[in-house]
Structures are given as structure tokens and as C-alpha cells.
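One structure is given here, and the rest of the page talks about it.
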Amino acid sequence: MLIAGNWKMYKTPSETEAFCAQFEPPAGVDVVICPPFTSLREAVAGGVTVYAQNVHWEDEGAFTGEVSAPMLLELGVSGAIVGHSERRQHFGETDETVAKRAAHALGAGLGVIACVGESEEERESGVTADVLRRQVAVLEPHDRLVIAYEPVWAIGTGKIATHDQVQEAHALIKSLVDVPVLYGGSCKPDNVEPVFAERDVDGALVGGASLQVESFTAICEAAARIRS
Ligand code: PEP
């Protein structure tokens with residue numbers, strides 16, 4: 001099981017140091033922290049495995065505001081999230097740019113957590129499978145690629161998908177590309193166990209609950225327990 005904490009735009013470098021000083025990843029689970037770019041150095045120094053929240057598809061160039069794979073690698077960063085729904089919603093990320101970011105990062109030696117997932121309207125109109133097929137189709141299989149199934153309606157809403165919805169989506173994704181699939185969307189210590197028990201769930205991408213050492217540790221411990 002892999003548990004990744006997406007800190008979004010939270011935690012300064014000193015807050016990151018404080019988190020890492022307190023956090024001890026439990027045995028029996030792989031743990032990744034994804035802080036903002038400005039806190040990557042402190043997270044790496046804290047001894048955890050660190051992914052960035054985005055990465056560009058060129059090594060360098062006139063791309064103001066972007067960060068490249070060689071820049072991350074030199075800091076000791078191990079990978080990057082690509083295609084998070086907040087980037088698709090607010091920053092114009094498309095399936096094509098997600099594909100370019102993922103392919104370049106994997107080629108450069110980084111791990112990648114590529115996010116996919118349907119909106120509430122898409123689920124209600126019965127096109128979830130079509131959306132997932134379209135988003136996954138642009139991703140090439142790779143041994144450092146992980147997909148995170150994150151239904152947009154479950155992110156930051158407190159509304160976790162049912163374990164049946166999660167299993168169905170994960171099985172579909174795995175039938176399209178044979179890589180580990182994480183679930184993301186309102187994971188909390190008191191709701192993750194039924195999701196973790198599903199056959200095709202290989203871990204979680206955790207937003208809000210990854211910001212406190214106690215709740216993130218509890219989720220990591222639940223993952224370690226379920227497969228022990
Ligand atoms: C996320 O940011 O990827 C996420 C799943 O957030 P939350 O756990 O807060 O819903």
C-alpha cells in the first residue's frame with residue numbers, strides 16, 4: 001500500500017520542518033509527502049519520500065512559474081503528482097498536458113502519481129467510465145507510474161465515494177493500464193478501512209487529513225494493518 005499526502009498550498013518551510021520532526025512513517029506501508037515547491041527541500045531533509053505537486057514537460061526554457069524534472073531531482077525529490085483536478089479546474093490542465101508532464105517526468109527518472117476522476121455532473125449523467133477511459137488513455141504504462149482515482153465531487157467535500165464505487169472505478173482503470181491505483185477524496189482515519197479492503201485499492205492520495213501528523217499517521221497505520 002502507498003499513502004501519499006497532498007499538502008496543496010499549505011505549509012511553509014518551517015511548518016514542514018515541524019511536521020517532519022514529529023512524523024514517523026509506520027512500518028508496512030510506503031509513504032510519500034507532496035508539499036508546495038517552496039517546502040520541498042525541508043521535506044527531503046526530513047527524511048521522508050517526497051513528490052512535488054506538478055512538473056513541466058521540458059527540462060528548461062521560457063515557462064514562467066513552472067518547475068522541471070531536473071530541478072526536482074537535484075533537490076532529492078522522487079516524483080510528482082500530475083493532473084490533479086484542482087489543476088484541471090483552475091489552471092487549464094488538459095489530458096494532453098497531463099500526458100506530456102507524466103511522460104517527461106517518467107523518462108527523467110521521477111515517479112508519477114497521475115490523477116483522474118469524474119465530476120459530479122459526469123457521474124450523475126452516467127459517463128464516469130467514458131471520462132476515466134479518456135483520461136487514462138493518454139497515460140503510457142510504466143513501472144514508476146501510479147494512478148490516483150479521485151472523483152472530483154469527493155475532494156475536500158467530506159463526501160467519500162462508497163467502497164463499491166471505488167472498486168468499480170479501480171477495476172476499470174486497471175483493465176486499461178496495469179499500474180497501482182490509489183483512491184483520493186475525503187479520506188479520514190474513520191472512513192478509510194472499507195475502501196482499503198477493496199481488492200483493487202493500492203493505497204490513497206490524502207489531502208486535508210495529511211496536514212496533521214495524527215490523522216495522517218492514523219491513515220498510514222490503517223493501510224499497514226489491512227495488508228498485514
Ligand atoms: C486531494 O487533494 O487529492 C484530496 C483527495 O483531498 P481531500 O483528501 O482533502 O479530499
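The values are calculated or read from the model by the stated rules, or taken from the named source; none is laboratory data. Just so you know, these numbers come straight off a predicted model, no measurement behind them. Positions of Cβ are generated from backbone atoms using ideal geometry, with glycine treated the same way; all protein chains shown enter the neighbour counts. The area values use the complete protein model at the heavy-atom level, side chains included, leaving out ligands, DNA and RNA. Shrake-Rupley method; radii C 1.70, N 1.55, O 1.52, S 1.80 Å.
About its Cα centre, the dipole of the chain is roughly 160 debye, where the only charges are +1 on Lys and Arg Cβ and -1 on Asp and Glu Cβ. Could you look at region 78-228 and say what percent of its accessible area is carbon and sulfur, using a 1.4 Å probe and all protein chains? Roughly 51 percent of what the probe reaches on region 78-228 is carbon or sulfur. Farthest toward the positive end of the dipole of the chain, out of PRO25, VAL127, ALA43, is the Cα of PRO25, where the dipole comes from beta carbon charges about the Cα centre. Here the spin labels are modelled as points 7 Å beyond Cα on the Cα-Cβ line, and at TYR10 and LEU73 they lie 3.2 nm apart. Residues whose amide H comes within less than 5 Å of that of VAL206, counting only those at least five positions distant or on another chain, are ALA4, GLY5, ASN6 (H built at 1.01 Å from N in the peptide plane). Probing with 1.4 Å while keeping every protein chain in the model, the per residue accessible area of the chain equals 45 Å². Reachable lysines from LYS174, Cα under 27 Å, same-chain residues fewer than 8 places away excluded? Correct list for LYS174: LYS8, LYS100, LYS159, LYS188. Say we join alpha carbon atoms closer than 10 Å with springs in a Gaussian network model of the chain; which of LEU106, LEU139, LEU73 then has the biggest fluctuation? Highest fluctuation among the options: LEU73. Semi-axes of the equivalent ellipsoid of region 94-228 are 23, 18, 14 Å, computed as sqrt(5λ) over the eigenvalues of the C-alpha gyration tensor in descending order.
The charge dipole of region 35-144, taken about the Cα centre with unit charges on the Cβ atoms of Lys, Arg (+1) and Asp, Glu (-1), comes to about 260 debye, rounded to the nearest 20. Each Lys and Arg adds +1 at its Cβ and each Asp and Glu adds -1 at its Cβ; summed about the Cα centre, region 17-98 shows a dipole of about 220 debye. Seen through its C-alpha gyration tensor, with square-root eigenvalues sorted a ≥ b ≥ c, the chain comes out oblate because a/c lies at 1.5 or above while a/b is not bigger than b/c.
Sequentially through region 96-113, phi angles give Karplus couplings (6.51, -1.76, 1.60; θ = phi - 60°) of 5, 5, 4, 4, 5, 4, 5, 4, 5, 4, 5, x, 7, x, 8, x, 9, 10 Hz, Gly and Pro residues having no value and appearing as x.
Think of the chain as a dipole: +1 on every Lys or Arg Cβ, -1 on every Asp or Glu Cβ, centred on the Cα centre; then among SER78, GLY203, THR217, THR217 lies furthest on the positive end. FRET efficiency for the GLU121 to GLU58 pair, using the beta carbon distance and R₀ = 30 Å, is estimated at 0.30.
A Förster radius of 22 Å, combined with the Cβ-Cβ distance separating GLU96 from ARG133, puts the computed FRET efficiency at roughly 0.90. Modelled this way, with points 7 Å down the Cα-to-C-beta line, the labels at ARG227 and VAL213 are 2.6 nm from one another. Helical runs assigned H by DSSP (4 residues or longer) give the chain a calculated mean residue ellipticity at 222 nm of -11000 deg cm²/dmol, each run adding -39500 (n - 2.57) before division by the residue total.
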